[in-house]
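Asker: Got a structure for you, questions after.
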Amino acid sequence: MSTNAYTQIVLQNRPITDILPDTFRVLTKPLQDLQPGPDEVIVKVTYLSLDPAMRGWLRDTRSYLPPVKIGEVMRAGGLGVIVKIGGNSRHREGDVVIGTFGWTEYAIMSDKSLETIVPPPGSTALDFLNTLGMPGMTAFFGLHDVGQLKFGETLVVSGAAGAVGSLVCQLGKKIGARVIAIAGSQEKCTWLEDELNVDKALNYKSPAFQNEFKEAVGYLDVFFDNVGGDILDMALSRLKQNARVVLCGGISAYNASTPKGLTGYLNLISQRAKMQGFIVFDYAAQYSRARSEMAAGLADGSIKRKFHVVDGLENAPKALPMLFSGGNTGKLVVKVSDEASIGSKL
């Protein structure tokens, strides 16, 4: 190796609202300290996924995962290559794996926490952080199992230009629904209409958005919500009887110290509608089925994807807030190391 140290980024302070420059701290660790035990391996991280859920992990509150501790490496899923194995490892050096490595250049991982990946035809390893990974699984099960979207129905998707939202739009079209997408710029709306073939994309920053929403949507069968807040309230005012609201995320409120409550929820009663939250990890036993269908879409070109790549682990703290400001289109990832050097040995 050309250096005797590697970088980690740890949580230094819990943000009350927006993520600040002092939220995280950079540490330098000696490479010689990386020694795998039995049933462990050392992974050189190549890419890390940045996801809206990470903002919730910074809060010291009860949730589906424990909060990241002060002084702990920031939690994140990613791709990497095994560069050293312990005595009893079932893996081999050079295996490409996916796991929860955190914001680090190298990680010591247990065998059972890693999944070796072999990209199907028409895909790449990076797709396991998007279409074949958590965003794809979230879109698939959120739409099929929670939303129960059917042919001919009207689907409205907020945060539609993000990783999950853009996949939900495409899955909705494959089912045969009328798809209305909501995004935060005209550029994103053009991409959604021209590339992903949604029936209509609406810019929520437009002064005429409320009227455009009513005209384009009419009344909806399924609302797949990644944003929450005022847009969720607006959707609740346009429910058909027996509509389904899929609560995937609420990026409009993730940085709020006290999120604003809903005002339109009584429409759920009058329209006999259902609003349901879900966590994708609950569907882990069914991932293989979803991956098979998503991989087929990648192979035949019916599912498209877009990546927003940020270079360098040191830029992860600056890149994470892009998820809440609308600064990315498609899947946001951090490139940690050059894939050409992934065979490097410790």
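The values are calculated or read from the model by the stated rules, or taken from the named source; none is laboratory data. These numbers come from a predicted model, not from an experiment. Glycine also receives a Cβ, built like all others from the backbone with ideal geometry; neighbour counts cover every protein chain displayed. Just so you know, the surface numbers come from the protein's heavy atoms only, side chains and all, with ligands and any DNA or RNA stripped out. Shrake-Rupley method; radii C 1.70, N 1.55, O 1.52, S 1.80 Å.
Asker: VAL164 - would you say it is surrounded by 21 or more Cβ atoms within 10 Å (Cβ to Cβ) and in contact with a strand residue (DSSP E or B) (Cβ under 6 Å, 6 or more places away or on another chain)?
Answerer: Values: surrounded by 21 or more Cβ atoms within 10 Å (Cβ to Cβ): yes; in contact with a strand residue (DSSP E or B) (Cβ under 6 Å, 6 or more places away or on another chain): no.
When the stated conditions are applied, VAL164 does not pass them.
Asker: Can VAL309 be described as part of a strand (DSSP E or B) and in contact with a Lys or Arg (Cβ under 6 Å, 6 or more places away or on another chain)? Quick ask: steps written out before the conclusion?
Answerer: On the way: part of a strand (DSSP E or B): yes; in contact with a Lys or Arg (Cβ under 6 Å, 6 or more places away or on another chain): yes.
It is true that VAL309 is part of a strand (DSSP E or B) and in contact with a Lys or Arg (Cβ under 6 Å, 6 or more places away or on another chain).
Asker: List the number of the failed condition for LYS84; all other conditions in (1) within 25 Å of GLY249 (Cβ to Cβ); (2) assigned to a strand (DSSP E or B); (3) among the basic types (Lys, Arg) hold.
Answerer: The single condition LYS84 does not satisfy is (1).
Asker: Search the range 19-30 for residues that are without any contact (Cβ under 8 Å) to a residue 40 or more places away in the chain and in a strand (DSSP E or B) and pair each with any residue that is loosely packed, with under 13 Cβ neighbours inside 10 Å and not aromatic (Phe, Trp, Tyr) when their beta-carbon atoms are under 8 Å apart and the residues are at least 6 apart or on different chains.
Answerer: PRO30/ASN4
Asker: Where residues in the range 40-63 are charged (D, E, K, R) and touching a residue at least 60 places away in the same chain (Cβ under 8 Å), which of them is nearest to ASN328 (Cα to Cα)?
Answerer: If we filter the range 40-63 for residues that are charged (D, E, K, R), which is where we start, we get 40, 44, 51, 55, 59-60, 62.
Of the ones still in play, those that are also touching a residue at least 60 places away in the same chain (Cβ under 8 Å) are 40, 44, 51, 55.
Values: GLU40: 35, LYS44: 26, ASP51: 11, ARG55: 16 Å.
Residue satisfying both the conditions and the ranking: ASP51.
Asker: Separate question: Test of understanding: among LEU149, LEU143, which residue is open to solvent by less than 10 Å² (accessible area, probe 1.4 Å) and not small (Gly, Ala, Ser)?
Answerer: On the way: LEU149 fails: open to solvent by less than 10 Å² (accessible area, probe 1.4 Å).
Of LEU149, LEU143, the one residue that is open to solvent by less than 10 Å² (accessible area, probe 1.4 Å) and not small (Gly, Ala, Ser) is LEU143.
Asker: In contact with a Leu (Cβ under 9 Å, 6 or more places away or on another chain), open to solvent by 70 Å² or more (accessible area, probe 1.4 Å) and part of a loop (DSSP other than H, G, I, E, B) - does that describe any residue in the range 37-55?
Answerer: no
Asker: Sticking with this structure for a sec: Give the range 12-36 a look and list any residue that's out of contact with any helix residue (DSSP H, G or I) (no Cβ under 9 Å at 6 or more places or on another chain) and buried (at least 18 other Cβ atoms within 10 Å of the Cβ), or say none.
Answerer: Result: PRO36, single match.
Asker: Could I ask something else about it? Pairs, please: C-beta under 7 Å, at least 6 apart or cross-chain, first residue without any contact (Cβ under 8 Å) to a residue 60 or more places away in the chain and in the range 253-277, second part of a loop (DSSP other than H, G, I, E, B) and of a type in the set (Ser, Thr, Tyr)?
Answerer: Listed pairs, sorted by first residue: GLY264/SER237; ASN267/SER237.
Asker: Would you check if ALA316 is small (Gly, Ala, Ser) and over 29 Å from GLN186 (Cβ atoms)? Spell out the reasoning first.
Answerer: Numbers: small (Gly, Ala, Ser): yes; over 29 Å from GLN186 (Cβ atoms): no.
In short, no.
For (1) on the phi > 0 side of the Ramachandran plot; (2) among the β-branched types (Val, Ile, Thr); (3) open to solvent by less than 30 Å² (accessible area, probe 1.4 Å); (4) not in a loop (DSSP other than H, G, I, E, B), each residue gets a yes or a no:
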| position | (1), (2), (3), (4) |
| --- | --- |
| LEU202 | no, no, yes, yes |
| PRO207 | no, no, no, no |
| GLU212 | no, no, no, yes |
| ALA216 | no, no, yes, yes |
| LEU232 | no, no, yes, yes |
| VAL245 | no, yes, yes, yes |
| GLY249 | no, no, yes, no |
| PRO259 | no, no, no, no |
